[in-house]
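A.B. asks: One structure follows; several queries about it will come next.
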Amino acid sequence: MDTLLTQLEKIEVGDPNNIIRLKNNINNKSNANCSSSINPNLLNDLVKRAQTFFSLSLFRKCLQCSETVLDIIPSDIGVGLDLENVRLRGVDIKGKALLGLGEYEECLIFLGRESKILKNLGLKLPPPMSPVYTRHLQHWKYLMERGKVLQRQKIRGEIDMGAFIPNKKVRLEVDSVVEYESEAVEIGAVIPGKGRGVVARQDIAKGTIILTTRAFEIIFDTDDEDDDLENAIAQRMRLDSKLIPTVYQLHAGKEMGCLFASYITNSENHHKSKNNDNNDGTTMKIDLKRIEKICTMNSFGNSKNSSGYGHNSRGLWVRASFFNHDCIAFNAMWKVLGDFLFVRTTKDVKKGEEVLISYTDSAEPYEEREKFFQAHDFSCACRLCQYQEKEDVKMRGRRLEIVKKLVEIDEKDRKTISADDLEKDIAFGEKCLSELESMIGSRPEWNFSTHVALDLLTKLYLQKGDVAKYKETAVKYYIVVNCSGMTKAEIDKCELEDVADRGPCLEVGAAGQVCAVFMKSGDYVGAQKWIKILRQDLALMYGKGSDILKKLYPQLYAQAVKNGLSLD
């Protein structure tokens with residue numbers, strides 16, 4: 001009984017008097033003989049707590065509560081007793097908690113053992129088997145089947161992101177997605193001059209998933225200015241002090257730095273110190289100011305696209321926070337689906353090379369990106385920023401002025417615009433495009449600001465019905481945002497759908513706009529080419545699993561099928 005009492009000491013939740021009464025009910029009897037002296041209501045409360053912890057994704061606490069219940073109630077307690085139903089629910093929640101913690105093999109062993117016990121109990125009773133038994137056995141069988149799938153995905157890294165489209169503002173179920181970290185990368189590696197980052201341990205092919213991770217905390221439908229995320233993180237840390245070092249290992253800006261830099265956290269249920277530090281951080285106070293700075297430096301924002309797809313959210317993903325930024329040389333992209341963040345390489349990465357992502361829109365003017373960097377308490381010294389920083393200040397100011405005017409025109413209500421005003425807007429857009437193109441300097445492939453003018457002109461030409469200009473401008477737009485790694489001469493003499501590495505791919509899915517242009521104009525030969533390019537680009541971000549094209553572009557997909565275009 002000492003072990004059991006020790007476990008009860010560690011529960012640390014609910015009414016302490018309930019725990020005392022629960023201890024007293026055991027009366028130092030063996031588990032096999034103590035059922036008559038156990039109050040089912042107290043254990044039922046503990047199961048409810050476990051379920052509450054599970055709903056909050058506090059899987060370690062959930063596991064702790066469910067295991068205490070199972071240690072107290074014997075496995076062969078017998079049918080008809082209230083405690084039996086409590087125990088079966090305890091098995092349910094423990095199995096789900098193990099899935100949430102990524103302990104798939106342990107989950108399979110545990111549920112397999114419990115299934116065998118329950119089947120044997122059922123055989124001792126007159127047929128048919130109790131419907132309660134049958135229901136739990138079916139549920140455990142389902143969890144074990146999902147556990148096998150997730151274990152296989154964890155080993156092989158074969159994760160179908162398309163299964164989570166459409167992207168909804170929900171926390172993904174523990175039986176639907178795997179916590180995965182590729183052995184091909186070292187997350188938290190020390191990088192001279194940068195601190196910590198992510199480095200390839202071996203050569204990694206383009207399109208490889210290297211991380212799938214559940215948010216430590218996420219807030220949906222949030223505004224960047226609110227502090228809901230910070231408060232939610234603080235609450236999680238109060239509920240489970242073991243999570244304090246998980247958060248405090250992250251950088252909190254130049255002034256506050258980071259605590260527990262030696263900790264490399266793989267999941268919420270275990271952390272380790274490379275220095276064998278005796279202070280594990282679990283007794284430290286909850287510092288909201290530090291949490292706010294950590295969120296400023298490390299949180300990821302997600303937003304709906306122009307068509308309303310996706311969700312607005314803000315979250316903290318601990319493992320993803322170790323990826324460093326580059327505006328132009330990033331070789332991986334991140335995507336939030338539900339409460340999971342996925343990182344996939346977009347270029348081949350060599351052994352020893354740092355894996356980089358982009359924190360912001362690289363096509364934004366330099367001044368806008370610089371504001372973002374300053375707000376997040378760091379500076380970017382990438383090739384693009386160095387190049388644009390050296391540009392003439394007046395020219396940069398003029399470029400920013402043009403972009404703002406173009407955005408104002410784009411935000412007009414186009415349904416009520418007259419034909420004369422449409423022509424004026426087109427003329428202004430063409431003038432702005434010409435001026436922006438004259439500011440190309442020595443690196444024309446980095447003149448991303450032209451995409452604002454091209455995007456606007458594409459819409460204006462469509463409204464006017466000028467098909468030729470519409471198609472030409474749409475293709476130019478794609479080249480600006482997705483072919484920055486190529487010169488104009490290289491672009492002119494190649495077929496884009498056959499190019500292995502065109503650039504950083506600033507806008508996944510931009511080819512969809514171009515494809516729609518060709519489809520609407522009746523140019524199905526051109527549309528076929530751009531379908532191939534679109535599928536190639538989407539595969540970089542989502543992989544080649546479920547039919548991404550059909551899910552993300554249902555109308556385009558339907559039109560392609562109707563007109564007999566190949567979707568392979």
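Quick note: the coordinates plus some simple rules give every number you see, no bench work behind them. These figures come from a predicted structure and were not determined experimentally. Glycine also receives a Cβ, built like all others from the backbone with ideal geometry; neighbour counts cover every protein chain displayed.
A.B. asks: Taking a threshold of 19 Å on the Cα-Cα distance, which of the pairs Lys48/Lys141; Lys529/Lys550; Lys96/Lys168; Lys424/Lys469 fall above it?
C.D. replies: Lys48/Lys141; Lys96/Lys168
A.B. asks: Filter the GluC sites (Glu not before Pro) in region 118-200 to those in DSSP coil with at most 12 other Cβ atoms within 10 Å of their Cβ, and list the result.
C.D. replies: Listed in order of number, the matching sites are Glu173, Glu183.
A.B. asks: Fewest first, what order do His451, His136 take by the number of other Cβ atoms within 10 Å?
C.D. replies: His136, His451
A.B. asks: With a cap of 16 neighbouring Cβ atoms within 10 Å, and only residues DSSP puts in a loop, list the GluC sites (Glu not before Pro) found in region 333-383.
C.D. replies: Filter output for region 333-383: Glu353.
A.B. asks: Set the bar at 28 Å for Cα to Cα. Now go through Lys119/Lys169; Lys206/Lys471; Lys405/Lys562; Lys335/Lys476; Lys169/Lys405; Lys206/Lys394 and name every pair that lies beyond it.
C.D. replies: Pairs exceeding the cut-off: Lys119/Lys169; Lys206/Lys471; Lys405/Lys562; Lys169/Lys405; Lys206/Lys394.
A.B. asks: Then there's this: List the lysines whose Cα sits under 24 Å from the Cα of Lys254, skipping any in the same chain fewer than 8 residues away.
C.D. replies: Hits, sequence-local ones excluded: Lys194, Lys274, Lys285, Lys289, Lys293, Lys371.
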